Amino acid sequence: MANNIILITGGARSGKSSFAEQCAAAGPQPVAYIATAQIHDEEMEERVKLHQQRRPVHWLTWEAPYNAHEALIEAAKEGETILFDCLTLYTANLMLSPAAPADKKDRFHYVCDQIETLLTTAVATGKRVIFVTNEVGMGIVPANPMAREYRDLAGIVNQQVAAIAGEVYLSVCGITVDIKRLASNGGEKN
């Protein structure tokens, strides 16, 4: 377990990014923000603007739709807390990148290997790294194969990160719960 790694998960509009931003602001300063979104339409442009407006202007920002481990290395040189938003967009970017194999099984291994590289880098920085992700597998089963592949990969990626994270939080309806602590003590309150 890596005590410098924090995972925050939840559904869309669950409050996870706001909670992650609060955690980053309360942690060691300065904060480095790694953004993984790519803007392909007006809706995504609006989402990105919303996130940008919420962030303090003094936070340092890196855009990393690919090779996020390299951005993480650079961010760790300047930031004491690194906020990575988000793993599910990064997973989608990796799945659809020109470097991704065409074969589904090979693509699965490619994405998992890229995430492993990211995690190894995050742990090695020794900095507090907060990963934001989405729980995409809690709804209906998608109708098309690519969407099902993405849903499954996102679940595996979340498990990869949660397995090493010192803290794991779940946001639902704007309420955030420390699920790693609950899991480690059988659900009993401390």
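On inspection, E167 fails the criterion of being acidic (D, E), under 26 Å from M44 (Cα atoms) and crowded, with 16+ Cβ neighbours inside 10 Å. Considering (1) open to solvent by 50 Å² or more (accessible area, probe 1.4 Å); (2) part of a helix (DSSP H, G or I), the lone condition that V111 does not fulfil carries the number (1). Of the set (1) in contact with a strand residue (DSSP E or B) (Cβ under 7 Å, 6 or more places away or on another chain); (2) assigned to a helix (DSSP H, G or I), all apply to Y169 but (2).
Provide a single number: the residues in region 106-159 that are in contact (Cβ under 8 Å) with a residue 60 or more places away in the chain, under 14 Å from A68 (Cβ atoms) and of a type outside the set (A, V, I, L, M). Matching residues across region 106-159 total 3. Screening G155 on (1) open to solvent by less than 60 Å² (accessible area, probe 1.4 Å); (2) assigned to a loop (DSSP other than H, G, I, E, B); (3) out of contact with any helix residue (DSSP H, G or I) (no Cβ under 9 Å at 6 or more places or on another chain) shows it passes everything except condition (2).
Can you name every residue in region 133-152 that is of a type in the set (V, I, T) and either touching a Phe, Trp or Tyr at 6+ places or on another chain (Cβ under 6 Å) or open to solvent by less than 50 Å² (accessible area, probe 1.4 Å) (or both)? Result: T133, single match.
The values are calculated or read from the model by the stated rules, or taken from the named source; none is laboratory data. Computed from a prediction, not measured in an experiment: that's the story for all the values here. Don't worry about glycine lacking a Cβ; one is built from the backbone with ideal geometry, like all the others, and counts go over all protein chains shown. All accessible areas refer to the heavy atoms of the entire protein, side chains included, with ligands and DNA or RNA removed. Shrake-Rupley method; radii C 1.70, N 1.55, O 1.52, S 1.80 Å.
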